[in-house]
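> So that we are looking at the same thing, I have put the structure below in structure tokens.
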Amino acid sequence: MNWSDELKEFILSNRGKDPLSLVLQQKKHPQWDMKFVAQQIEGYRMAQDKLPSIALCDDFVYPPKLNREQCSSETTALFKATEYAKGKHIADITGGLGIDSLFMAKQAIAVNYIEQNEELNTIATHNFKALGIDNIITHCTDSIEFLKNTDKHFDLIYADPARRDEKGRKVSALENCTPNILENIDMLLGKADMLLIKSSPMLDIAEAVAQLKHVCEITIVAVKNECKEILFLCSASGADTSPQCHCINIKSNGTMDRITFDRQKETTLSIHYSANIEQYIYEPNVALLKAGAFKTISTIYDVKKIHRNTHLYTSENKIEHFAGRTFKVIKELHPSAKEVAKDITNGRAHVIIRNYPMSSEELQKKLRLKEGGDLYIIGLTKRDEKKAIYLCEAIAN
């Protein structure tokens with residue numbers, strides 16, 4: 001990597017240009033690798049949203065697109081660092097771009113960043129220095145071999161296995177990721193007190209717990225109601241027979257909804273169903289839905305579930321600080337465009353579908369509505385199996 005002040009200034013002066021057009025100007029600028037220049041501009045634009053504090057550093061070097069896509073966002077990296085890294089000696093065995101290492105280092109005593117890809121390792125080493133981080137030790141080697149051969153014992157090993165197969169296709173099952181945590185978990189837990197595994201939001205939680213065997217804590221992390229990652233904390237001292245599950249949704253204002261529940265206890269809880277749709281409808285955030293905390297939601301908030309397979313809840317009185325979205329019911333509507341137009345005069349509404357025999361796009365088209373406005377149409381199945389649509393307005397929690 002031939003990084004210099006001259007190259008940096010050239011990149012900064014061209015950040016507003018189209019990266020593809022710059023690649024086509026290679027002959028005009030033979031002293032620079034224009035593909036690398038375009039890579040830096042694309043990376044900077046990605047970082048402005050995904051890694052905003054990183055984007056402020058003009059000396060930060062961005063790796064190829066695939067590595068940028070696979071790295072944690074600043075929001076999730078900061079969450080993991082705050083939750084798990086304070087005062088610890090850590091080994092990040094899937095270093096990559098180094099975003100998780102970087103944020104953990106701000107909380108930890110020391111972080112060992114391990115990445116066998118020489119280009120990535122060189123970039124990360126440069127970036128740690130550029131950001132003034134001096135408690136990260138970089139290792140360019142195979143992480144499994146490193147751990148097998150080291151005498152060091154860590155407080156925490158962090159692993160974010162690559163979720164791509166040999167043909168570059170996305171995978172989510174733990175056995176298909178690299179490194180294979182399942183094959184090496186006993187060795188990993190012999191080298192650390194705790195093992196933190198980041199996995200795909202598509203992963204089946206119950207199956208993963210059964211495979212890993214040492215799970216003592218599960219954390220589902222959503223950002224702005226989009227599920228981003230599932231974290232499994234494994235203990236060398238033994239698994240919890242019923243690991244606690246933390247459902248986290250980090251909102252746009254930086255505040256966090258956090259609900260913790262016992263997955264085993266969830267199965268023993270009773271749940272109340274509503275014969276009718278009452279004054280308020282509640283949609284749990286995606287972390288709660290992914291966790292399957294359906295009975296827990298009903299118990300915590302004293303709300304009634306609308307149907308076994310309709311993951312919405314209802315109540316006569318408004319529940320404060322519900323972990324999700326709250327809607328006030330205006331009226332039930334007849335599902336025809338002519339009738340709906342009487343109440344939605346501007347022809348705009350958001351459409352939400354839960355256990356309804358149409359997609360939101362299909363219902364929107366049937367009702368001749370455009371996306372937008374302040375009103376919501378919620379299509380659902382009630383306890384008596386009847387399909388219905390409701391006109392609602394969103395209420396701040």
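> Mind checking which residues of segment 98-124 are β-branched (Val, Ile, Thr) and surrounded by fewer than 20 Cβ atoms within 10 Å (Cβ to Cβ)? Before the answer, list the steps.
Narrowing segment 98-124 to residues β-branched (Val, Ile, Thr): 99, 109, 111, 114, 122-123.
Ile109, Thr122 - these are the residues of segment 98-124 that are β-branched (Val, Ile, Thr) and surrounded by fewer than 20 Cβ atoms within 10 Å (Cβ to Cβ).
> Considering only segment 280-302, I want to know if a residue exists there that is buried (at least 16 other Cβ atoms within 10 Å of the Cβ), more than 28 Å from the chain's Cα centre (by Cα) and in contact (Cβ under 8 Å) with a residue 24 or more places away in the chain.
yes
> Which one of Phe322, Phe327 is modelled with pLDDT of 95 or more, assigned to a strand (DSSP E or B) and at negative phi?
Numbers: Phe322 fails: assigned to a strand (DSSP E or B).
Being modelled with pLDDT of 95 or more, assigned to a strand (DSSP E or B) and at negative phi holds for just one of Phe322, Phe327, which is Phe327.
> Looking at segment 25-32, is at least one residue of a type outside the set (Lys, Arg), surrounded by 12 or more Cβ atoms within 10 Å (Cβ to Cβ) and under 24 Å from the mean Cα position of the chain (by Cα)?
Applying the first criterion (of a type outside the set (Lys, Arg)) to segment 25-32 yields 25-26, 29-32.
From the residues that got through so far, the ones that are surrounded by 12 or more Cβ atoms within 10 Å (Cβ to Cβ) too are 25-26, 29, 32.
Next, only the ones that are under 24 Å from the mean Cα position of the chain (by Cα) stay: none.
The answer is no, given that none of the residues of segment 25-32 is of a type outside the set (Lys, Arg), surrounded by 12 or more Cβ atoms within 10 Å (Cβ to Cβ) and under 24 Å from the mean Cα position of the chain (by Cα).
> Now a separate question. Working only within segment 252-303, note down all residues that are of a type outside the set (Gly, Ala, Ser), in a helix (DSSP H, G or I) and in contact with a Cys (Cβ under 7 Å, 6 or more places away or on another chain). Walk me through it before giving the result.
As a first pass, look at segment 252-303 and keep what is of a type outside the set (Gly, Ala, Ser): 253, 255-269, 271-273, 276-286, 288-290, 294-297, 299-303.
Keeping just the survivors that are in a helix (DSSP H, G or I) gives 263-266, 286, 288-290, 294-297, 299-301.
Selection gives Arg263, Val286, Leu288, Lys290.
> Related question: For segment 224-276: of the residues being within 25 Å of Arg308 (Cβ to Cβ), open to solvent by less than 70 Å² (accessible area, probe 1.4 Å) and charged (D, E, K, R), which is farthest from the chain's Cα centre (by Cα)?
Applying the filter and picking the extreme gives Glu266.
> Any idea which residue in segment 183-195 is nearest to Gln264 (Cα to Cα), counting only those that are surrounded by fewer than 16 Cβ atoms within 10 Å (Cβ to Cβ) and touching a residue at least 12 places away in the same chain (Cβ under 8 Å)? Break it down into steps so the answer makes sense when it comes.
Applying the first criterion (surrounded by fewer than 16 Cβ atoms within 10 Å (Cβ to Cβ)) to segment 183-195 yields 183, 186-187, 190, 193.
From the residues that got through so far, the ones that are touching a residue at least 12 places away in the same chain (Cβ under 8 Å) too are 187, 190, 193.
Working: Met187: 28, Gly190: 28, Asp193: 25 Å.
Only one residue fits best here, namely Asp193.
> Starting from segment 226-238, keep only residues that are part of a loop (DSSP other than H, G, I, E, B), then list their pairs with residues that are open to solvent by 10 Å² or more (accessible area, probe 1.4 Å) whose Cβ atoms are within a distance under 6 Å, requiring at least 6 positions of separation or different chains.
Between residues of segment 226-238 that are part of a loop (DSSP other than H, G, I, E, B) and residues that are open to solvent by 10 Å² or more (accessible area, probe 1.4 Å), the close pairs are Ala236/Leu189; Ala236/Asp193.
> If you go through segment 303-342 one residue at a time, how many are within 15 Å of Leu391 (Cβ to Cβ) and more than 28 Å from the chain's Cα centre (by Cα)?
So the answer is 15.
> Could you list all residues from segment 115-131 that are outside any helix (DSSP H, G or I) and closer than 21 Å to Lys86 by Cβ? Don't jump to the end; show me each part of the working.
Keep residues of segment 115-131 that are outside any helix (DSSP H, G or I), which gives 115-117, 131.
Of everything in segment 115-131, just one residue is outside any helix (DSSP H, G or I) and closer than 21 Å to Lys86 by Cβ, namely Leu131.
> Go through (1) farther than 26 Å from Ala206 by Cβ; (2) assigned to a helix (DSSP H, G or I) and name the single condition Gly373 misses.
(2)
> Does His89 count as open to solvent by 40 Å² or more (accessible area, probe 1.4 Å), within 21 Å of Leu195 (Cβ to Cβ) and not aliphatic (A, V, I, L, M)?
Values: open to solvent by 40 Å² or more (accessible area, probe 1.4 Å): yes; within 21 Å of Leu195 (Cβ to Cβ): yes; not aliphatic (A, V, I, L, M): yes.
The answer is yes for His89.
> Only one of (1) modelled with pLDDT of 95 or more; (2) under 23 Å from Asn397 (Cα atoms) is not met by Leu333, so which one is it?
All conditions pass for Leu333, except number (2).
> Could you please find all residues in segment 344-397 being under 28 Å from the mean Cα position of the chain (by Cα), open to solvent by less than 30 Å² (accessible area, probe 1.4 Å) and of a type in the set (Gly, Ala, Ser)?
Across segment 344-397, the qualifying residues are Ala349, Gly372, Gly379.
> Let me ask something additional. Restricting to segment 304-335, count the residues that are farther than 19 Å from Gly379 by Cα and surrounded by 13 or more Cβ atoms within 10 Å (Cβ to Cβ).
4
> Read through the list (1) within 25 Å of the chain's Cα centre (by Cα); (2) modelled with pLDDT of 95 or more; (3) open to solvent by 50 Å² or more (accessible area, probe 1.4 Å); (4) among the basic types (Lys, Arg), then give the number of the only condition that Lys198 fails.
Every listed condition holds for Lys198 apart from (3).
> In segment 126-137, how many residues are more than 10 Å from Gly95 (Cβ to Cβ) and among the β-branched types (Val, Ile, Thr)? Lay out the reasoning, then the answer.
We begin by selecting, within segment 126-137, every residue more than 10 Å from Gly95 (Cβ to Cβ); these are 126-135, 137.
The next check asks that each one be among the β-branched types (Val, Ile, Thr); those that pass are 133, 137.
Total satisfying the criteria: 2.
The values are calculated or read from the model by the stated rules, or taken from the named source; none is laboratory data. Here the structure is a predicted model, which means the values were calculated and not measured. Heads up, the Cβs are rebuilt from the backbone with ideal geometry, glycines too, and the neighbour counts pull from every protein chain shown. Ligands, DNA and RNA are stripped out before the accessible areas are found, and what is left, the full protein with its side chains, is counted by its heavy atoms. Shrake-Rupley method; radii C 1.70, N 1.55, O 1.52, S 1.80 Å.
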